[in-house]
Amino acid sequence: MIEAVETHRTLADAQRAMGSDAIFMAGGTLVMRDVNAGVTATRIVRSTDPALTEIRLSGDGVTIGAGVTMDMIAAHRDLTFLAPVARAVGGPQIRNMATVGGNLFAPHPYGDFAVALLALGARVNVAGQSGAPRPLADVLRDRARVGLIASIQVPRPQAPGDFAFLKASRIKPKGVSVLSIAAHLPRQGGRIRGARVAFGAMGPMPLQASAVERVLDGQSLDAATIARAAQVAVEGLDPPTDALATTWYRREVAGVHLKRLLERMARG
Amino acid sequence: MAKTPIVFVLNGAERASFANPGENLLEFLRRGVGDLSPKYGCGQGTCGACTVTVDGATHLSCLTLAESVAGRRVETAAGLATGATLHALQEAFMENFAAQCGYCTPGMLVSAKALLDRNPSPSREDVVEAISGNICRCTGYEPIIEAVLSAAARRGRT
């Protein structure tokens with residue numbers, strides 16, 4: 001039962017106001033469900049810090065404020081590589097509300113945007129923590145304790161075809177993930193260098209597919225490589241059973257969808 | 001528990017009321033302000049029956065904290081008609097039999113209005129996308145899509 005809502009002008013103030021009895025609310029699409037059900041903390045902490053909604057481009061990357069919405073991503077002329085991912089999240093109303101920072105905390109089967117950020121090798125600036133930003137994979141593992149997210153630094157793919165995203169759902173255009181896959185495959189001289197592939201809805205959080213990355217690295221994206229990658233798609237993943245799909249089904253189709261995504265990237 | 005005074009613009013007119021701590025915008029509009037047009041369907045952002053616009057962008061009022069609309073413009077289906085004159089979308093929904101039980105209709109109308117405001121000549125795919133966050137269990141969507149397209153066409157002629 002909520003007893004108080006506190007709105008702070010800066011994220012630093014909001015961070016100081018947090019405590020075990022408080023929950024931070026950004027777009028509200030996740031937190032308000034619990035608030036409506038009466039199963040959350042007693043205080044809601046918010047922030048109207050304008051830095052939270054900034055998108056700043058740098059040489060080879062972009063820093064996205066944690067409060068930037070999916071709709072802002074989809075509409076941004078320099079973030080066309082992320083637009084299909086943002087458009088895969090929820091329906092129009094959700095996209096007008098849901099934030100990039102909030103997506104890092106979305107429980108299964110949500111969190112498709114975080115899958116793309118993981119494949120891109122994003123790093124996270126945590127409020128009140130100086131020093132180097134934290135790798136997203138660490139933040140996802142530690143998300144119960146990580147603190148408030150200020151912004152996310154996202155490397156931009158050097159070539160548009162280096163990055164691709166796929167979401168498999170039973171209902172179109174708006175449906176929850178059976179699974180989602182993002183792949184960032186930078187290429188030098190036709191060979192993949194530094195492959196990053198991530199799966200959503202195939203574990204308790206977005207997970208990197210290390211076995212797939214090992215198969216792809218140093219190879220050209222040809223039919224034989226794609227077939228080997230598809231064979232190891234579910235290695236190290238732990239897909240749950242839910243109302244959308246069983247563990248068995250997710251394991252069966254993960255390689256099929258990965259193959260389709262990689263074939264799409266190979267066609268360019 | 002302290003209530004929070006909220007001043008905002010509802011369908012073009014300034015309104016003020018008190019929100020309970022943690023109250024969502026849907027409940028605030030219905031209980032606090034007396035606008036019964038947004039409907040409670042699921043309370044978890046799935047059905048779209050509670051759709052309103054906040055500063056022109058569609059929001060799910062059941063997932064919107066009432067405090068967050070202070071100083072902002074909220075529009076609901078109740079603001080579509082001008083006196084006894086229905087909005088073109090409302091006329092088109094009637095003519096195309098786009099409502100059966102009517103429960104999803106206010107949310108559908110608000111989503112459709114937001115679409116036509118930014119895109120007066122939408123394609124069929126644009127309409128499907130615009131109402132993809134609104135569930136209808138009666139009509140099968142086709143009459144709704146036809147109604148939105150016909151309202152756009154009618155507005156284009158006038």
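Of note:
- For residue A:74, the criteria (1) assigned to a loop (DSSP other than H, G, I, E, B); (2) within 14 Å of residue A:97 (Cα to Cα) hold in every case but one, which is (1).
- Subset tally (residues that are over 17 Å from the mean Cα position of the chain (by Cα) and facing another protein chain (nearest Cβ under 9 Å)) for segment B:1-37: 8
- Cβ pairs under 7 Å, 6+ apart, first in segment B:43-62 and among the charged types (D, E, K, R), second at pLDDT 95 or above: B:55/B:72; B:55/B:73
- Matching residues in segment B:138-158 - criterion: being assigned to a helix (DSSP H, G or I), free of Cβ contacts under 8 Å to residues at least 40 places away in the same chain and among the β-branched types (Val, Ile, Thr): B:145
- Candidates A:96, A:125, filtered to the one that is assigned to a helix (DSSP H, G or I) and either basic (Lys, Arg) or more than 11 Å from the chain's Cα centre (by Cα) (or both): A:96
- Residue within segment A:245-261 that is in contact with a strand residue (DSSP E or B) (Cβ under 7 Å, 6 or more places away or on another chain), within 30 Å of residue B:46 (Cβ to Cβ), modelled with pLDDT of 95 or more and outside any helix (DSSP H, G or I) present: yes
- Scanning segment B:18-37 for residues that are surrounded by fewer than 22 Cβ atoms within 10 Å (Cβ to Cβ) and in contact with a strand residue (DSSP E or B) (Cβ under 6 Å, 6 or more places away or on another chain) yields B:18, B:21, B:32, B:33.
- Screening segment A:2-56 for residues that are acidic (Asp, Glu) and in a loop (DSSP other than H, G, I, E, B) and picking the one that is surrounded by the most Cβ atoms within 10 Å (Cβ to Cβ) gives A:49.
- Output for segment B:64-89, where each listed residue is within 14 Å of the chain's Cα centre (by Cα) and under 25 Å from residue B:31 (Cα atoms): B:64, B:73, B:74, B:75, B:76, B:77, B:78, B:79, B:80, B:81
- Index of the failed condition, residue B:1 passing every other in (1) more than 22 Å from residue B:138 (Cα to Cα); (2) touching a helix residue (DSSP H, G or I) at 6+ places or on another chain (Cβ under 8 Å); (3) at pLDDT below 95: (2)
- Of residues in segment A:110-122 being under 28 Å from residue B:44 (Cα atoms) and part of a helix (DSSP H, G or I), the one nearest to the chain's Cα centre (by Cα): A:114
The values are calculated or read from the model by the stated rules, or taken from the named source; none is laboratory data. In this text the structure is predicted, and so the values were computed from the model without any measurement. Heads up, the Cβs are rebuilt from the backbone with ideal geometry, glycines too, and the neighbour counts pull from every protein chain shown.
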